[in-house]
Amino acid sequence: MIDEDLNTYYELLYQQNEELELMLQSQSDEIEKLQQKLAVQKLKVCKLRQAGRSMSGFIDEMIMNDVFQDEVLDQAEKAATRWQAVMELVSTKRSRK
């Protein structure tokens with residue numbers, strides 16, 4: 001009787017262990033997928049930053065050389081200011097991590 005109970009307990013433990021291993025594997029696979037998505041998003045953000053820096057530099061250069069007319073100059077200055085605000089926000093979030 002005791003041997004039967006022990007065998008039953010061992011079987012239950014074995015089944016639970018298999019279920020836990022499957023759950024861990026599933027979660028591990030999900031984490032890997034999320035890490036791949038994160039890597040793609042980081043690459044996109046990097047490219048967007050590069051493009052933004054280029055555009056900001058171009059706008060700043062145009063402002064410095066008085067190329068814009070008055071109504072466009074105001075918009076260019078707003079765009080440059082917004083870009084600086086975004087970059088400050090991003091750098092503040094990075095420093096918190």
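Quick note: the coordinates plus some simple rules give every number you see, no bench work behind them. Please read all numbers here as calculations on a predicted model, not as lab measurements. Cβ: placed from backbone, ideal geometry, glycine included. Neighbour counts: every protein chain shown.
Descriptive notes on the structure:
- Between the Cα long axis of helix 2-64 and the first principal axis of the chain there is an angle of about 10°, rounded to the nearest 10.
- Lysine pairs in the range 2-96 whose alpha-carbon atoms fall under 24 angstrom of each other, counting only those eight or more residues apart or on distinct chains, come to 10.
- Label-point separation in nm, residue 6 to residue 47, each point 7 Å along Cα→Cβ: 6.3 nm
- For residue 80, net neighbour charge (Lys/Arg +1, Asp/Glu -1) across residues whose Cβ lies under 14 Å away: -2
- Note on residue 71 and residue 58: the extension gain reaches 2.9 nm, defined as 0.36 nm multiplied by sequence separation minus the Cα-Cα distance.
- Between the alpha-carbon centres of the range 56-73 and the range 13-49 there is a gap of 46 Å.
- Folded to 0 to 90 degrees: helix 70-96 orientation relative to the chain principal axis, Cα: 30 degrees
- Segment residue 30-residue 13, length gained on full extension (0.36 nm per residue, minus Cα span): 3.6 nm
- More than 20 Å apart - percent of Cα-Cα pairs taken over the chain: 65 percent
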